[in-house]
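To keep things clear, I will list the structure first and then write my remarks on it.
The values are calculated or read from the model by the stated rules, or taken from the named source; none is laboratory data. In this text the structure is predicted, and so the values were computed from the model without any measurement. FYI the Cβ positions are ideal-geometry reconstructions off the backbone, even for glycines, and counts take in every protein chain you see. Each accessible area value is taken on the protein alone, full model and side chains, heavy atoms only, with ligands, DNA and RNA left out. Shrake-Rupley method; radii C 1.70, N 1.55, O 1.52, S 1.80 Å.
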Amino acid sequence: MFPFLQSRIFRLLTIGMLVIISGFGVLIYMIIHNERQNVLEERVRASELMAEPILQSIYEDMVTERADHARYLIDRLKTVSGVERIQVIRANGFEEAFQDLKTIEAMEKRLGRIWPAWLVDHPSKVDVTAVGTETRGFKEALKLFDEERGERGYYLETSGGKELLTYVALIQAKQECNACHGAAEPARGFLMISTSLNEPFLLFEETRNRWLLYGAAVTLTIVIISISLFVSFISSGARRMKGMLAVSEEWKKGNLDVRMDVDEKDEFGTLAKSFNSMADSLKVDQEEIKGLYTDVNQAKIAWERTFDTMEELVVIMDSGGKILKANKAIGRRLNMHFNDIVGKDCFEVLHNLYERWHDCPIARIVHTRRPHVFEIEAEHLGGTFWTTIAPLTFDSVGNVSTLIHVMTDVTALKRLTRLEGDKKLLEETDAFKNNLMSIVSHELRTHLSSIMGYIELLRSRIVDEETKGKWLEIVHKESDRLTSFMDEILDLARIKPGGVELTREGFDVVRLVEKVAEPYIHRSNAQTIGLDTPANLPLAYGNTGKIQNVIVNLLENAVKYSPEGGRVLIKLEHVDEDIMVSVADEGMGIPTGDIEKVFEPFHRADSSHEFSIKGTGLGLSISKAIVALHGGKIWAESEGEGKGTTFYFTLPLAKTDGVQKAQ
């Protein structure tokens, strides 16, 4: 309704005026408050001046065996102008002294006599309850005295329509007072002097009204001056604002050549100069924007040409998977116009599905705002594609609004890679075959040489029966070793995925381990064999005989490579959907670099004990193949040489559908 009320100048003037008025108001309040405080302090000082002689008279009456001087003094002071009441209150807090004969009787008891002058005009009331002892101020004063936090104080009260300042002083206990009071009482009474505040408050109200009048006059003057300044500013600024508005209307129409009149003597001139500078900048920016628009338009054309000529299959889609734009390459693949693809779901066009599959990565990409790369076989698009889906644009709150979906045809590359892989596999197979033949020839030559040597000795020499028996025993052992070696070679050749059929069933691993370990526990005197088998372990699923071979191989190795007095521990655990078997020894350990090599055929530990430990080096290879046939894993862990080794392998849990065969 009044636009000038929204102007900054009006607000500044208003704030300044309010600050000045508030400051003047605070000053007046402080003056009035100080005046009132001075009135109260004056009354307190007057009360203290009256209290001193009264207290002195009370103490002198006690010492000089008088009982009338304090009473006479109090009666005289009650006639002073402004004094409403003066009372001496006994220690009980409500009886007024000198209003009955208790003090006279106490003095008579103490001295054995009284003076007749003491009874002249002496009151003899029955009800001597002091006035004002029921007020809150008096009770708080008594509490202050009881807590020994002071001996004098004052408070304000209203009595009989008058404002009173009541001064209360503690009457100290004296030895001479014990005749009238108990020795245990902390005080002998209280002096109460109440003076009227009506007359000084009338003077105070006149002063207060005078200052309020001054404040109103000053406030009115400030308001008039502020309004005058504001009206002057509005009248001089309205003309300038009309000119500036006219120029701004021209700028709105796009005519940036018009400029405002500049008068640097006031704020409007500075504002006009700033607006003119802004118009200069806008004109320069306008030219730059025209150039940028041209560049952007050309870049858009170049991008669309690049987009349409790309060999990759590219689409842009929203966060729900709706295709917003597609290039020509994908249209050629689908034998349809690329514009006809717009609006369709990506899973329908790119993956030939009727609905989004359960593991669609779009939701995950929208949530994580990270790209996702995967390989996909798309027969309807004619090959294998390396696919990348990544966020393209984001909305104002940072959520993914569009995504780009790029499919690169890697069919030829995969074919070439496969051929190179087959070639490398053939080379590795030839190398392994040559190495295998060399090792087999060496092992056969070693065992056969030993057998032939002892047979030749038996043929060419006549020896006693004991020597003959020893040589025949050696020939027999070498024959067994040769037979075992050939069996392991054949097992290694047969046991591989697709090379053998296994009949699998549910079996108790605990019972199998106990069966395998039992002869070692009774046979081994050099090592201690320990079992850690939990209760209620589920059944494993596999071929009992083959798994027994794995456990035997691992246990044989542990016993062979453990020192005398060492401990071998077989442990069973239920881990997720598998049963994990571990065999740990305290033997020679495995160097970190050889952990993966121990499962290679014919690998033997590189150690000074190598030639003292018999074996073909095929046991772990065969064990690895058996575990792989069961869908499990086998691995070894060792902290280094001399720190022992632990072998692990896993088996799946037993199924409920009976016996199965691995294809």
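Of all residues in region 267-287, those satisfying the criterion of being without any contact (Cβ under 8 Å) to a residue 24 or more places away in the chain and under 50 Å from the mean Cα position of the chain (by Cα) are 274, 277, 278, 281, 284, 285. Per the conditions (1) open to solvent by less than 50 Å² (accessible area, probe 1.4 Å); (2) modelled with pLDDT of 80 or more; (3) within 60 Å of the chain's Cα centre (by Cα), the sole criterion not satisfied by residue 143 is (1). Checked across region 588-598, the condition of being without any contact (Cβ under 8 Å) to a residue 40 or more places away in the chain, under 27 Å from residue 652 (Cα atoms) and buried (at least 17 other Cβ atoms within 10 Å of the Cβ) holds for at least one residue. In region 41-64, what residues are exposed (fewer than 14 other Cβ atoms within 10 Å of the Cβ), touching a helix residue (DSSP H, G or I) at 6+ places or on another chain (Cβ under 9 Å) and modelled with pLDDT under 70? Hit for region 41-64 is 63, nothing else.
The set of residues in region 123-140 that are outside any helix (DSSP H, G or I), open to solvent by less than 20 Å² (accessible area, probe 1.4 Å) and either touching a residue at least 40 places away in the same chain (Cβ under 8 Å) or touching a helix residue (DSSP H, G or I) at 6+ places or on another chain (Cβ under 8 Å) (or both) comprises 130, 132, 133. Considered as a group, the residues in region 274-325 that are touching a strand residue (DSSP E or B) at 6+ places or on another chain (Cβ under 8 Å) and open to solvent by 80 Å² or more (accessible area, probe 1.4 Å) include one that is farthest from residue 349 (Cα to Cα), and that residue is 311. Within region 166-185, is there a residue that is at pLDDT 75 or above and assigned to a helix (DSSP H, G or I)? For region 166-185, residues at pLDDT 75 or above and assigned to a helix (DSSP H, G or I): absent.
Conditions (1) touching a Ser or Thr at 6+ places or on another chain (Cβ under 7 Å); (2) acidic (Asp, Glu); (3) modelled with pLDDT under 60; (4) buried (at least 19 other Cβ atoms within 10 Å of the Cβ), marked per residue:
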site	(1), (2), (3), (4)
624	no, no, no, yes
629	no, no, no, yes
632	yes, no, no, yes
661	yes, no, yes, no
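Checking the stated criteria, residue 329 turns out not to satisfy the condition of being open to solvent by less than 70 Å² (accessible area, probe 1.4 Å) and in contact (Cβ under 8 Å) with a residue 24 or more places away in the chain.
Applying a threshold of 6 Å to beta carbon distances and a minimum spacing of six or more residues, or different chains, the list of pairs starting in region 528-555 at a residue that is of a type in the set (Lys, Arg) and ending at one that is part of a helix (DSSP H, G or I) reads 546/626. Could you check region 551-569 and list, in sequence order, the residues that are acidic (Asp, Glu) and assigned to a helix (DSSP H, G or I)? Scanning region 551-569 gives a single hit, 556. Applying the condition of being under 26 Å from residue 566 (Cβ atoms), of a type outside the set (A, V, I, L, M) and surrounded by 14 or more Cβ atoms within 10 Å (Cβ to Cβ) to region 527-552 and asking which residue is modelled with the highest pLDDT yields 533. Screening residue 157 on (1) at pLDDT below 80; (2) touching an Asp or Glu at 6+ places or on another chain (Cβ under 9 Å) shows it passes everything except condition (1). Taking the criterion of being surrounded by fewer than 22 Cβ atoms within 10 Å (Cβ to Cβ) and either of a type in the set (Gly, Ala, Ser) or farther than 15 Å from residue 637 by Cβ (or both), the residues of region 563-574 that qualify are 563, 564, 565, 566, 567, 572, 574.
Considering only region 355-368, I want to know if a residue exists there that is open to solvent by 70 Å² or more (accessible area, probe 1.4 Å) and β-branched (Val, Ile, Thr). No, the conditions are met nowhere in region 355-368. Annotation note: Cβ proximity below 6 Å between a residue of region 574-587 that is farther than 16 Å from residue 558 by Cβ and a residue that is open to solvent by less than 10 Å² (accessible area, probe 1.4 Å) and modelled with pLDDT of 90 or more (sequence gap 6+ or interchain) occurs for 579/509; 579/540; 579/651.
Candidates 468, 423: the one that is farther than 30 Å from residue 372 by Cα, surrounded by 14 or more Cβ atoms within 10 Å (Cβ to Cβ) and modelled with pLDDT of 65 or more is 468.
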